[in-house]
Amino acid sequence: MYYLLEGQSCASSGNYEKAMEIFQKGWEKTKDTSFISEICEIYIEQKEYDKALDYARKVIGKGSNASAELMYDMIIIYEKSQDYEAAYKAAKEYCKKYPEDEKGKRELNFLASRI
């Protein structure tokens with residue numbers, strides 16, 4: 001929890017580099033994908049979609065059990081980088097795993113109109 005609060009504090013004050021360092025430490029110590037999601041969100045905010053995607057893929061590729069938050073971030077990363085087919089595929093997977101999530105359903109419907 002300490003890493004999450006400290007990292008969010010740094011991010012909210014605009015010190016993204018320090019925030020990402022803190023989130024990375026949190027990830028290394030706990031393997032909680034919330035930290036990866038926080039890093040991805042910083043990259044998304046900075047419109048560095050390729051970095052966000054690479055980072056998320058690296059973690060997921062290591063066999064990490066992706067949280068709902070990280071899976072949803074993947075949809076947004078693909079969408080923002082205008083890879084609508086990949087975003088749609090990720091949204092379908094998300095909705096399959098979390099069928100009651102309304103935001104996931106909305107994203108899936110939106111993306112269906114883009115492909």
Checklist line | Residue in region 39-72 that is surrounded by the most Cβ atoms within 10 Å (Cβ to Cβ), counting only those that are modelled with pLDDT under 85 and of a type in the set (G, A, S) | finding: A56
Checklist line | Output for region 80-113, where each listed residue is within 16 Å of R57 (Cα to Cα) and open to solvent by less than 100 Å² (accessible area, probe 1.4 Å) | finding: S81, D83, A86, A87, A90, A91, Y94
Next item on the list: Scan region 27-38 and give yes if some residue there is touching a Cys at 6+ places or on another chain (Cβ under 8 Å) and open to solvent by less than 30 Å² (accessible area, probe 1.4 Å), otherwise no.
Entry: no
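The values are calculated or read from the model by the stated rules, or taken from the named source; none is laboratory data. As the structure is a prediction and not an experimental result, all values here were calculated from the model. As a convention, Cβ positions derive from the backbone with ideal geometry for all residues, glycine included, and neighbour counts pool all protein chains shown. Note: accessible area is taken over every heavy atom of the protein model, side chains too, but ligands, DNA and RNA are not part of it. Shrake-Rupley method; radii C 1.70, N 1.55, O 1.52, S 1.80 Å.
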